[in-house]
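A.B. asks: First the structure, then my questions, so here it is.
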Amino acid sequence: MKLFVFTFLIAALTFVSSCSGGKNKTTGTPDPPFQGEAPQEAYISQSEPGIYGGQLVIAQPNDMQKFNVITADDVASTDILWYHVFRCLVDYRNGDKNPDYDSGLCTRWEASPDAKEWTFYIRKGVRWSDGEPFNADDVLFSYDVVKDESHDEKSRVRTPIADIFNEGKDTNGKTLYPELQKLDDYTVKFKLHQPNGAFLDNIFNLWLIPKHKWEQAFRNGKFNEAMSINEDPANVVGLGPFRIKERTAGQRVVLERNPYFWKVDKKGQRLPYLNRIIFIIAKDFNTITLKFQAGELDVMDRVRAEEFATVKQMESPDIKVEDVGVSLDSYWLVLNQNPGVNPQTGKPLVEPWKLKLYRNQKFRQAISYAIDRDGLVNTVFVGRAVPIYSVITPGDPWYSDDVMKYPHNIDLAKQMLAELGLKDTNGDGFLEDAEGHTVEITISPNAGNSQRVSTAAFIAGNLQEVGIKATSNPLDFALISQLLSSKFNYDAIVLGWRSGVPPGPPNIKNTILSSGQNHSFFPQQKTPSTEWEARLDELMKKIDETADQAERRKMFAEVQRIWSEQMAEINLVAERLAVAYKNKFGNAAPTPLPPRFTWNSEEIYLKK
């Protein structure tokens with residue numbers, strides 16, 4: 001599932017003392033202690049056995065927006081909730097030498113020969129972080145919440161996860177979802193409308209929530225308000241190795257050991273080893289670097305391009321700086337192509353003359369040719385990035401290079417704009433349309449993210465060179481989130497996608513599908529607004545239905561080609577990633593996939 005990536009300005013950090021000193025050492029004794037016995041069918045980790053005690057301190061450049069793992073669509077929330085606090089039926093070991101699925105909360109799974117039925121056998125004896133038993137009823141409840149067929153448009157659960165399970169529409173236009181059956185208290189079966197040999201990709205997006213805590217809120221049509229950021233952390237109950245102990249807005253989020261976690265190591269010791277994980281809400285990325293240099297952070301799970309040289313100089317026997325390759329996350333510029341009307345004002349979301357341009361393929365292609373991606377790489381990203389021209393990056397194993405590319409070409413961009421009838425009729429240096437409207441674009445990055453702010457300013461300069469009156473107007477990330485997901489009354493935005501885990505077609509459906517919540521330029525369409533969007537919908541459906549991996553890759557390559565030809569989003573660059581960390585943690589295995597350092601947090605331990 002693709003997520004919006006935001007970074008923003010936070011109040012100055014005051015919490016320092018508890019990040020170091022006596023708390024950060026091994027004791028051999030878990031604190032807080034485990035409760036009860038390990039499950040009768042406990043998962044046995046094959047990682048190196050560790051030692052109890054200590055904590056891991058990591059920076060989080062964003063403040064969480066909610067505790068609700070089902071509705072969360074911002075990286076700040078999901079970075080903390082996914083893996084650490086909540087889990088899916090299966091695990092994905094994204095930092096292993098050969099990343100692949102792992103049984104996780106199941107003892108095993110089975111697929112029918114036609115890949116239309118998937119059966120999952122749940123471990124017995126697993127408990128939620130509040131001690132209540134976990135069983136098939138919780139799986140059914142979690143799935144009911146995601147696809148929410150019980151409420152009207154106003155009360156329906158709003159979650160990007162629903163797009164991942166979308167199997168198309170029936171003859172009446174109703175969205176089709178797989179049917180989920182409870183076979184017994186520890187066995188569930190998904191029955192699909194068409195074959196899906198990669199259905200585990202879907203399952204690894206079904207974050208499980210406890211029926212005993214949230215059924216009433218869901219039945220009452222109040223689930224979107226459940227687990228708000230003001231909720232008592234004690235009510236945020238999950239199946240991850242940690243639970244939320246406290247949250248101080250703008251300062252920190254503290255996770256403590258889940259005393260009922262369901263994994264053990266090869267010695268029979270219960271996991272996790274660490275007592276706590278502390279996410280420090282940093283002021284900005286410069287602050288993160290300074291705090292890592294000062295020893296206040298154990299991990300920088302993303303060393304940005306502009307900080308890489310500084311951090312690399314810190315490399316020593318005590319500090320590791322690992323280059324993990326081209327990021328699967330992407331940067332893009334989106335022009336608002338939404339033809340809707342503002343319900344408050346009755347006015348179009350985008351001025352009609354401008355909407356006509358934005359929905360014109362040649363105009364979007366001209367913009368793409370006008371952008372100097374190589375210059376962007378060499379300035380804003382100091383050489384540690386690569387240009388991209390479609391929806392996924394070269395770091396993604398599903399990447400196809402057979403896409404339309406847009407090398408920087410000012411003359412061609414000007415020619416294409418002229419072919420659209422745009423010319424400088426009054427001699428002010430900027431183009432006008434046939435009705436005299438000056439072609440101007442206001443580009444909004446999220447304030448506080450220096451890379452995005454610099455990128456927007458760089459693009460504005462490029463566009464001015466071809467006669468477009470472009471300016472940068474940074475906005476608060478919360479406002480950008482609302483503009484993209486509910487208000488829709490913006491002009492242009494520079495933002496980024498966080499890669500789903502695992503990479504692949506199911507985790508990008510919410511971006512590609514015309515009905516998707518993250519189909520950023522015109523989301524949540526009832527029917528495709530263009531023929532090419534209809535073709536993308538068709539291809540994504542066929543990819544789900546096809547078991548042959550070579551055929552799936554061929555179709556997904558066509559998706560990428562169409563995306564690049566249409567410039568649905570104007571994709572820009574992908575950064576080269578590095579992770580820096582103190583060399584005192586056992587079982588550390590950094591990866592370009594999120595969460596880059598703590599994907600196996602239950603196995604990480606503090607060396608003596």
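A.B. asks: Pick out, from Asn68, Leu89, Ala162, the residue whose Cα sits farthest towards the positive end of the charge dipole of the range 63-201, with +1 on the Cβ of Lys and Arg and -1 on the Cβ of Asp and Glu.
C.D. replies: Final value for the positive-end residue is Leu89.
A.B. asks: Provide the per residue accessible area, probe 1.4 Å, for the range 43-94, rounded to a whole number of square angstrom.
C.D. replies: On the way: 910 Å² over 52 residues.
Per-residue accessible area for the range 43-94 comes out at 18 Å².
A.B. asks: Please give me the summed charge of the neighbours of Ala418: other residues whose Cβ is under 15 Å from its Cβ, Lys and Arg +1, Asp and Glu -1. Please list the in-between numbers first.
C.D. replies: Details: positive: Lys362, Lys414, Lys423; negative: Asp411, Glu419, Asp424, Glu432, Asp433, Glu465.
In short, -3.
A.B. asks: Before I look further, what does the range 370-456 give for accessible area per residue, probe 1.4 Å, in whole square angstrom?
C.D. replies: Values: 3600 Å² over 87 residues.
With all protein chains present, the range 370-456 gives 41 Å² per residue.
A.B. asks: Something else: Select from Tyr399, Ser450, Pro474 the residue farthest towards the positive end of the dipole of the range 353-482; place +1 on Cβ of Lys and Arg, -1 on Cβ of Asp and Glu, and compute about the Cα centre.
C.D. replies: Tyr399
A.B. asks: Calculate what fraction, in whole %, of the accessible area of the range 480-588 sits on carbon and sulfur atoms when a 1.4 Å probe is rolled over the protein chains.
C.D. replies: Details: 1490 of 3170 Å².
In the range 480-588, the share of accessible area belonging to carbon and sulfur is 47 percent.
A.B. asks: Å³ per residue of the Cα convex hull, for the range 183-325?
C.D. replies: Values: hull volume 33.1 nm³, N = 143.
So the per-residue hull volume is 231 Å³.
A.B. asks: Taking the Cα centre of the range 546-608 as origin, work out the dipole magnitude from +1 charges on Lys and Arg Cβ and -1 charges on Asp and Glu Cβ, in debye rounded to 20.
C.D. replies: Approximately 560 debye in magnitude.
A.B. asks: Report the gain in length on full extension from Leu176 to Asp476: 0.36 nm times residue separation, minus Cα-Cα distance, nm rounded to one decimal.
C.D. replies: Numbers: separation 300, 0.36 × 300 = 108.00 nm, distance 3.67 nm.
The Leu176-Asp476 span can extend by a further 104.3 nm.
A.B. asks: Say each of Asp102 and Lys267 gets a label point 7 Å from the Cα, pointing the same way as Cα to Cβ; how far apart are those two points in nm?
C.D. replies: Those two pseudo-labels are separated by 1.8 nm.
A.B. asks: Per residue and in Å³, how big is the convex hull formed by the alpha-carbon atoms of the range 437-587? If you can, show how the numbers build up before the last one.
C.D. replies: On the way: hull volume 26.7 nm³, N = 151.
Expressed per residue, the convex hull around the Cα atoms of the range 437-587 is 177 Å³.
A.B. asks: Right, another one. May I ask you to give the average projected area over all directions of the convex hull of the Cα atoms of the range 550-589, in nm² rounded to one decimal?
C.D. replies: Values: hull surface 21.6 nm².
So the mean shadow area of the Cα hull is 5.4 nm².
A.B. asks: Calculate the dipole size of the range 270-395 relative to its Cα centre from +1 charges on Lys and Arg beta carbons and -1 charges on Asp and Glu beta carbons; express the result in debye to the nearest 20. Don't skip to the answer; put the middle values down first.
C.D. replies: Details: 16 positive and 14 negative charges, 161 e Å.
That gives a dipole near 780 debye.
A.B. asks: On to the next question. With equal scatterers on the alpha carbons only and no solvent term, can you work out the Debye log10 of I(q)/I(0) for the range 76-230 at 0.09, 0.18 1/Å?
C.D. replies: Once normalised to I(0) and log-transformed, intensities are -0.30, -1.26.
A.B. asks: Of all the accessible heavy-atom surface of the range 151-276, with the other protein chains kept in place and a 1.4 Å probe, what percent is carbon and sulfur? Write down the numbers at each step before the final one.
C.D. replies: Numbers: 2050 of 5010 Å².
Carbon and sulfur atoms account for 41 percent of the accessible area of the range 151-276.
A.B. asks: Give the dimensionless ratio obtained when the Cα radius of gyration of the range 175-235 is divided by 2.2 N^0.38 Å. Numbers along the way, then the final one.
C.D. replies: Numbers: Rg = 15.1 Å, N = 61, 2.2 N^0.38 = 10.5 Å.
Here the answer is 1.44, to two decimals.
A.B. asks: A follow-up question, please. With +1 on each Lys and Arg Cβ and -1 on each Asp and Glu Cβ, how big is the dipole of the chain about its Cα centre, in debye rounded to the nearest 20? All intermediate terms of the calculation are to be shown ahead of the outcome.
C.D. replies: Numbers: 71 positive and 80 negative charges, 243 e Å.
I would put it at about 1160 debye.
A.B. asks: Within the set of other residues whose C-beta is less than 12 Å from the C-beta of Gly95, count the net charge using Lys and Arg as +1 and Asp and Glu as -1. It would help to have the intermediate numbers written out before the result.
C.D. replies: Working: positive: Arg93, Lys97, Arg596; negative: Asp91, Asp96, Asp100, Asp102, Asp301, Glu322, Glu603.
With Lys, Arg at +1 and Asp, Glu at -1, the net is -4.
A.B. asks: If you don't mind, another one. How large is the translational diffusion coefficient of the range 374-522 in µm² per second when you combine the Kirkwood radius over alpha carbon pairs with Stokes-Einstein at 37 °C and 0.692 mPa s?
C.D. replies: 188
A.B. asks: What does the convex hull of the Cα atoms come to per residue for the range 245-369, in Å³? Write out the running numbers ahead of the final one.
C.D. replies: Values: hull volume 32.8 nm³, N = 125.
So the per-residue Cα hull volume is 262 Å³.
A.B. asks: Just the number please: accessible area per residue for the range 229-272, 1.4 Å probe, all protein chains included, in Å².
C.D. replies: Values: 1510 Å² over 44 residues.
Per-residue accessible area for the range 229-272 comes out at 34 Å².
A.B. asks: In Å and from the alpha-carbon atoms only, list the Rg and Dmax of the chain.
C.D. replies: 24.3, 80
A.B. asks: Here's another thing I want to ask about it. Once Lys and Arg get +1 and Asp and Glu get -1 on their Cβ, which of Phe279, Leu335, Ile229 lies farthest toward the positive end of the dipole of the range 217-340?
C.D. replies: Sorting the options by dipole projection puts first Ile229.
A.B. asks: Could you tally the net charge around Leu192, taking each other residue with its Cβ under 11 Å from the Cβ of Leu192, Lys/Arg +1 and Asp/Glu -1? Kindly include the intermediate steps, with their values, before the conclusion.
C.D. replies: Details: positive: Lys116, Lys189, Lys191; negative: Asp114, Glu117, Glu167, Glu179, Asp544, Glu545.
Neighbourhood net charge equals -3.
The values are calculated or read from the model by the stated rules, or taken from the named source; none is laboratory data. Bear in mind the structure is a predicted one, so any value in this text is a computation, not a measurement. Here Cβ is always computed from backbone atoms with ideal geometry, including for glycine, and neighbour counts include all displayed protein chains. Just so you know, the surface numbers come from the protein's heavy atoms only, side chains and all, with ligands and any DNA or RNA stripped out. Shrake-Rupley method; radii C 1.70, N 1.55, O 1.52, S 1.80 Å.
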